[in-house]
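The values are calculated or read from the model by the stated rules, or taken from the named source; none is laboratory data. These numbers come from a predicted model, not from an experiment. FYI the Cβ positions are ideal-geometry reconstructions off the backbone, even for glycines, and counts take in every protein chain you see. The area values use the complete protein model at the heavy-atom level, side chains included, leaving out ligands, DNA and RNA. Shrake-Rupley method; radii C 1.70, N 1.55, O 1.52, S 1.80 Å.
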Amino acid sequence: MKIRNILAASACVLALGAGVANAETLKWSFQGDVQSLDPHGLNETFTLGFLGNVYEGLTNYDNNMVIQPGLAVSWENTGPTTWIFKLREGVKFHDGGDFNADDVIFSWKRTLTPGSDMKGYGARIKDIKKIDDFTIEVETPAPNPILPRELGSYYMMDKEWAEKHNAVEATSPKSADSTATYAAQHANGTGPFILTERQPDVRSTFKRFDGYWKDIASNVTEVNFTPISQGATRVAALISGELDLVYPVPVQDWKRLESAEGVRPLTGPEARTIFLGMDQWRDELLYSNIKGKNPFKDQRVREAMAHAIDLNAIDKKIMRGAAIPAGLLVAPQINGFDADLNNPYAYDPEKSKKLLAEAGYPEGFELGMDCPNNRYVNDEKICQAVVGLLARVGIKVDLNAQPKSKYFAKVSPQNGNDTSFYLLGWTPSSMDVHNVLFNLMSSFDTEKNTGQFNYGHYSNARIDEIAGNVERETDQVKRQNMVAEAFSILQKEVGYLPLHQQPLSWGVRDGVTLSQRADNVLDLRYVVIGK
């Protein structure tokens, strides 16, 4: 099925020289496809990064994760809760429509519609007033000194295009009617690439947008994206020359790439933390042999889980020593990270057994676990390792590992958080700790749009209070003290089970120059292909 759209994702290439003369085609692969073209449909790093070559925000990141002007040329904090943004003039959408203030206001309101997975971004704004076609006044619910950092993934849509195609509300791929709207299957942004052909789960093709408002370093004029679920198959296609870039590369295949001719692995620490969440709100745990109550409501059970998981063994055997065991939900690259608090729970299975007995489960119990098998580096293998470790202390886990499209549809709020125990990864798009406080650690609240990714409904009133205060606090010492308090509370109550900071793991052919961003996003603006 051919579609007039855009999709992006490919090698992030750092080109220091000006233009490279030859036009080139980039062929690349990821372990899964994007689930929707709707820019407000799914708050997932891969999807947002992919679409970030088609759609744009008022701000964006360069290849070094430095915030820079996007569709806004400047901004000024004119009052405690007011900002003035000057919009870029002369910008065209791919269908020829003009970008202006009406599109910004429309896009903001669209992020707050029922099908949007970007409500957390929309909630950062209380109101937007149009001063003229290229000037807007943004009002926030409270002082928010990091607002510009939060606007990079809040993508602008053409109001007229959306109205013409009856796509004024977002559609989530997590819902049953995920392909119901035109915007879920078509795209019309202002970015540097246009999607010219799309066959979901098979192939997506892009071409360069000649009307793009900015000169970019890339010499890529066409992009062919092919999702390949099997890591060994992706690596083989790279080595054979069929592909220019693949990711993630299974860490066990790094040596294979190092010894092969014409290709190389690109590795480093990613700003993503992998963790486990537990249902802490239902009165009866789903998918369990325990009836009439929920073991996870007992802190001793959660603590027993924490001490039953050997993070060093997972790192050594599953991640081949490439992961960094974590004690926090944020990685060192994130503003607000506190090394003094980054202490993983100690592996102590005997303590786990003792805690389970004290909680009334001397023989353990049974439960289900949800896990994606094509989203994170070695995700299913990590879950299998967790299952084995928990079995040693008497907790029998029935693992349900499935593609990310089915996984997110099952565990998301749109489907009632249908999970008891799950694996998730998180990179805060703002690269600031408040994103984690707001989305993962705050209580789930549909009116305030807090805790939208807190699938286990962990809740602490003091953390909720801190999350709001951290957003508005400008004194960095006071802010960091509040962050430390929130993480200390979370660790003490064992609200989550952090596992590790996963590695960036790409494979690329020689001649393709890449700048590997810490958020694992591939920006085609920097891709340069040589011979």
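Note that region 261-273 has calculated 3J(HN,Hα) couplings of 7, x, 9, 7, x, 10, 10, x, x, 9, 7, 10, 9 Hz, one per residue in order, obtained from phi through the Karplus relation 6.51 cos²θ - 1.76 cosθ + 1.60 (θ = phi - 60°); glycine and proline are x.
The calculated P(r) of region 86-200, using every Cα pair and 5 Å bins from 0, goes 2, 11, 19, 23, 21, 14, 7, 3, 0 in percent.
Shown here: region 413-522, whose C-alpha atoms stretch 53, 40, 27 Å along the first, second and third principal axes, sorted largest to smallest. Round to the nearest 10 and give me the degree value, 0 to 90, for the angle of helix 379-391's Cα axis relative to the longest principal axis of the chain. The two axes meet at around 10 degrees.
Using R0 = 22 Å, the C-beta based FRET efficiency linking Asn289 and Lys406 works out to 0.35. All Cα-Cα distances of region 238-387, cut into 10 Å bins from zero to the largest, leave 9, 31, 31, 18, 8, 3, 0 percent in each bin in turn. Farthest towards the positive end of the charge dipole of the chain, among the residues Asn43, Gln502, Ile466, is the Cα of Gln502, using unit charges on the Cβ of Lys, Arg, Asp and Glu. Residue ranking by accessible heavy-atom surface, 1.4 Å probe, largest first, among Met482, Met278 comes out as Met482, Met278. Dividing the mean sequence gap of close Cα pairs (under 8 Å, 6+ apart) by how many residues region 224-344 holds gives a relative contact order of 18 percent. Taking 0.36 nm per residue of separation and subtracting the Cα-Cα distance, full extension of the segment from Lys255 to Trp213 would add 10.9 nm. Compactness ratio for region 39-90: Cα radius of gyration over 2.2 N^0.38 Å (N = residue count) comes to 1.32. Quote the Stokes-Einstein diffusion coefficient, in whole µm² s⁻¹, for the chain, based on the Kirkwood radius over alpha carbon pairs, a temperature of 20 °C and a viscosity of 1.002 mPa s. Once the numbers are plugged in, D ends up at 90 µm²/s.
Over region 350-458, the fraction of Cα-Cα pairs per 10 Å bin, rounded to whole percents and listed from the shortest bin up, is 14, 35, 35, 16, 1. Using C-alpha pairs under 8 Å with a sequence gap of at least 6, the mean separation divided by the residue count of the chain gives a relative contact order of 23 percent. The angle between the Cα long axis of helix 231-240 and the main principal axis of the chain comes to about 40°, on a 0 to 90 degree scale.
Give Lys316/Lys406; Lys353/Lys492; Lys293/Lys354; Lys126/Lys410; Lys297/Lys410; Lys129/Lys159 a once-over and call out the pairs whose C-alpha atoms are over 24 Å from each other. Exceeds cut-off: Lys316/Lys406; Lys126/Lys410.
About the centre of its Cα atoms, region 89-167 shows a dipole size close to 400 debye [charges on the beta carbon of Lys, Arg (+1) and Asp, Glu (-1) only; nearest 20 debye]. On region 56-156, 50 percent of the accessible area sits on carbon and sulfur atoms, based on a 1.4 Å probe.
Over the chain, accessible surface divided per residue gives 37 Å², non-protein components excluded, 1.4 Å probe. Heavy-atom accessible area for Lys126, with the other protein chains in place and a 1.4 Å probe, reaches approximately 120 Å².
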